[in-house]
């Protein structure tokens, strides 16, 4: 744990981590018996200090930044006055100001998160038949019933939850009671168990967190030329238009070329290898566009420059920790 957290932050994080131990154990047991998921989240925007703890080391928080992968069992914590966005293809989850979220399930068909404290916004863009999305707190369970925009807040003591449905529909449960929360409504759970009070009203307020989230949404709402060649289920597809351009080639079909790179630039130069369970050694690129081209498709050399070839359009592509073949030594030495 970094000393900069301070003793108060450390104690708070430790207590929050302990409340999640049962969830960690359940996810670990499930992961050990199944193949790695084909879908993964990606840190797509961040400001301030952002930390991640995998389920195997629930109190060992490490700083992370753009392009770091997030998967089932991970917890993400954002420091005071910070913010982070995790893009998982079918949507984005955004955290602000000391939010602490555990991703209990993030795979091909399920999104399930536990908000230990703080505030989060879930922008769910797709929810197909057979898929599920849930967001729990210490005193409430929230089933997301259709795509939309949802804001969830929870206090560290676990006695207060607030759900704002800007657009969409959710079912909220507290104790043995259930209520529907519709577009344009705000629901509050105060207390725990059978003594908790539940209330729902029309309307909601806005603040700077909502404004930042709306700005991020506009990146997706404007559409993307790249979505003609790459599925919207691929995190980072919207970055490709901003940082590169597409060309058609006779050999590889559509190829994307990054802009503003050095003349002698080659893939897998600017970034680092890190060990991420359950995949193993995973490439984390430093470029803001460096997610999709390093985990889907293939890099190809055309003439004097490198380009990224996504290949045949696949609606649900499979994530890979890195698409590079190694020779002559271990990862990080020589590649082709």
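The values are calculated or read from the model by the stated rules, or taken from the named source; none is laboratory data. Nothing here was measured: the structure is a model prediction, and the numbers come from that model. A quick note on method: Cβ atoms are made from the backbone with ideal geometry, for glycine too, and the neighbour counts reach across all protein chains shown.
Just checking, which of 226, 248, 213 is over 25 Å from residue 38 (Cα atoms), touching a strand residue (DSSP E or B) at 6+ places or on another chain (Cβ under 8 Å) and either in contact (Cβ under 8 Å) with a residue 12 or more places away in the chain or part of a helix (DSSP H, G or I) (or both)?
Details: 226 fails: over 25 Å from residue 38 (Cα atoms); 248 fails: either in contact (Cβ under 8 Å) with a residue 12 or more places away in the chain or part of a helix (DSSP H, G or I) (or both).
After applying the criteria, what remains is 213.
Quick one: which residue in 127, 145 is assigned to a loop (DSSP other than H, G, I, E, B) and either touching a residue at least 24 places away in the same chain (Cβ under 8 Å) or not assigned by TED's automatic domain parsing to the domain that holds residue 198 (or both)?
Details: 145 fails: assigned to a loop (DSSP other than H, G, I, E, B).
None of the other options fit; the residue is 127.
Test each condition in (1) outside any strand (DSSP E or B); (2) over 16 Å from residue 172 (Cα atoms) for residue 104 and report the one that comes out false.
Evaluating residue 104 over (1) outside any strand (DSSP E or B); (2) over 16 Å from residue 172 (Cα atoms) leaves (1) as the failure.
Write out, first by first residue and then by second, each pair whose Cβ atoms fall under 7 Å of each other, whose residues are 6+ apart or on separate chains, and whose first residue, in the stretch 75-96, is on the phi > 0 side of the Ramachandran plot while the second is in a loop (DSSP other than H, G, I, E, B) and crowded, with 24+ Cβ neighbours inside 10 Å.
From the stretch 75-96, the pairs are 89/234; 89/235.
Right, residue 112: outside any strand (DSSP E or B) and touching a strand residue (DSSP E or B) at 6+ places or on another chain (Cβ under 9 Å) or not?
Numbers: outside any strand (DSSP E or B): no; touching a strand residue (DSSP E or B) at 6+ places or on another chain (Cβ under 9 Å): yes.
No; evaluated as a whole, the condition is false for this residue.
Yes or no: the stretch 273-285 includes at least one residue that is closer than 22 Å to residue 70 by Cβ, assigned by TED's automatic domain parsing to the domain that holds residue 233, outside any loop (DSSP other than H, G, I, E, B) and in contact with a helix residue (DSSP H, G or I) (Cβ under 8 Å, 6 or more places away or on another chain).
Quick first cut of the stretch 273-285, residues closer than 22 Å to residue 70 by Cβ only: 273-285.
Still in the list and also assigned by TED's automatic domain parsing to the domain that holds residue 233: 273-285.
Those still in the list that are outside any loop (DSSP other than H, G, I, E, B) too: 273-276, 280-285.
Now narrow it down to the ones that are in contact with a helix residue (DSSP H, G or I) (Cβ under 8 Å, 6 or more places away or on another chain): 283, 285.
Yes, because at least one residue in the stretch 273-285 is closer than 22 Å to residue 70 by Cβ, assigned by TED's automatic domain parsing to the domain that holds residue 233, outside any loop (DSSP other than H, G, I, E, B) and in contact with a helix residue (DSSP H, G or I) (Cβ under 8 Å, 6 or more places away or on another chain).
For the stretch 299-336, how many residues are part of a loop (DSSP other than H, G, I, E, B), surrounded by 12 or more Cβ atoms within 10 Å (Cβ to Cβ) and modelled with pLDDT of 85 or more?
Number of matching residues: 10.
Kindly list the number of the only condition in (1) on the phi > 0 side of the Ramachandran plot; (2) in contact with a strand residue (DSSP E or B) (Cβ under 9 Å, 6 or more places away or on another chain) that fails for residue 139.
(1)
State the number of residues belonging to the stretch 199-210 that are assigned to a helix (DSSP H, G or I) and free of Cβ contacts under 8 Å to residues at least 12 places away in the same chain.
Here is the first cut: in the stretch 199-210, the residues assigned to a helix (DSSP H, G or I) are 208-210.
Narrowing the set further to residues that are free of Cβ contacts under 8 Å to residues at least 12 places away in the same chain leaves 208.
Residues flagged as assigned to a helix (DSSP H, G or I) and free of Cβ contacts under 8 Å to residues at least 12 places away in the same chain within the stretch 199-210 amount to 1.
Please go through the stretch 159-184 and pick out each residue that is assigned to a loop (DSSP other than H, G, I, E, B) and either in contact with a strand residue (DSSP E or B) (Cβ under 8 Å, 6 or more places away or on another chain) or at negative phi (or both).
From the stretch 159-184, those assigned to a loop (DSSP other than H, G, I, E, B) are 159, 175-176, 183-184; that's our starting set.
Across the stretch 159-184, the qualifying residues are 159, 176, 183, 184.
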